[in-house]
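Read through the structure below, which is laid out as structure tokens, and then see the notes.
Every read-out reported here was derived from the displayed coordinates using simple, explicitly stated rules and does not represent laboratory data. Remember, predicted model here, so these are calculated numbers, not experimental data. No Cβ is skipped: glycine too gets one built from the backbone with ideal geometry, and neighbour counts run over all protein chains shown.
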Amino acid sequence: MRPQMTAVLAMTADGKIADVRRQPARFGSAADRAHLERQVAYSDAVILGARTLLAHGSAALVHDPALLHMRSERGKSPQTLHIICTRSGEIDRHIDFFHQPVERWLVTSPTGAKPWAVGQEFARIWRDVPWPDLLAEFYALGLRRIGVLGGGSLIAELLAAQVIDDLWLTVCPLIFGGATAPTPVDGVGFFEPITLRLLSYEPWGQEILLHYQVVYGNLD
């Protein structure tokens, strides 16, 4: 058994998540930010790559009183557990993330774990555990739903492992352009495309929210 894995992403109309300089992209509307907060609040944990964390410097916090009440009613902590993925272990210790009221876990390599092994920044550290085994451990620890917040390399890795179940995608009315600008799914690419089944769509002013089921294999 493993947790339900739900990716929550936003991109420009030309499929970019940042410009060619890879500057932190904060182009979603207030509606998109509220949607992200809801998905974080409904999750037992969120997982994200170190580059995505460093781009923002902050945890994905829940502020809405109704969502905080919902988490309390379900016996959850006010803030969602954050799981950071980085092979190198290179994370700036001075960012706000390490001073915010969230529990933190680390998924890394033996080398990446060394700078964090003696501190208290991360409550748990995993070293080079394959995704199926790692997610089984997460499930055994009580995680039933994990929100995947990026970045592109992590999303690609999880799709290759066939462990992302559904995908929320906000398409924003901007064009960044640039052959090297990052997209929601980076990596080397797939020789066979991964198919999506549209579950719902909702216009939000100039944006549109798409919800897809990820289908591994041929779509019926």
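Given N residues in region 97-199, what is its alpha carbon radius of gyration divided by 2.2 N^0.38 Å?
Dividing the Cα Rg of region 97-199 by 2.2 N^0.38 Å gives 1.29.
For the chain, modelled as a GNM with alpha-carbon contacts under 10 angstrom, which of W168, W105, W131 fluctuates the most?
It is W131.
Between W131 and M70, what is 0.36 nm times their sequence separation minus the Cα-Cα distance? Round to one decimal in nm.
The W131-M70 span can extend by a further 19.0 nm.
Running a GNM on the chain with Cα contacts under 10 Å, which residue among T111, T170, T80 ends up with the highest mean-square fluctuation?
Evaluated over the chain, the most mobile residue of the options is T111.
When only alpha-carbon atoms count, how far does region 1-116 stretch along each of its three principal axes, as whole angstroms with the largest first?
40, 36, 33
Which cross-chain or sequence-distant (5 or more) residues have an amide H under 5 Å from the amide H of V107, H modelled 1.01 Å from N in plane?
Placed amide hydrogens put I84, C85, T86, W126 under 5 Å from V107.
Hey, got the Cα dimensions of region 147-206 along the principal axes, in Å, largest first?
Cα spread of region 147-206 along its principal axes, largest to smallest: 35, 30, 22 Å.
Which is farthest toward the positive dipole end of the chain among S29, A59, P182, measuring Cα position about the Cα centre, with Cβ charges +1 (Lys, Arg) and -1 (Asp, Glu)?
A59
Going 7 Å from the Cα of V20 toward and past its Cβ, which residues in region 50-67 have a backbone nitrogen under 20 Å from where you end up?
Once the point is set 7 Å along Cα→Cβ of V20, nothing inside region 50-67 turns out to lie under 20 Å by backbone N.
Kindly write out, for region 118-129 in residue order, the coupling ³J(HN,Hα) from the Karplus curve 6.51 cos²θ - 1.76 cosθ + 1.60 (θ = phi - 60°), rounded to whole Hz, with x marking Gly and Pro.
9, x, 10, 5, 10, 6, 9, 9, 10, 10, 6, 9
If only Cα atoms are counted, what is the Rg of the chain, and what is its Dmax, in Å?
My reading of the Cα-based Rg and Dmax gives 17.0, 51 Å.
For the chain, give the share of DSSP beta bridges that are antiparallel, in percent and rounded to the nearest 5; count only bridges with both residues there.
Restricted to the chain, the bridges split so that about 35 percent are antiparallel.
Stretch E192-R124 to full length: gain in nm at 0.36 nm per residue minus the Cα-Cα span?
20.9 nm
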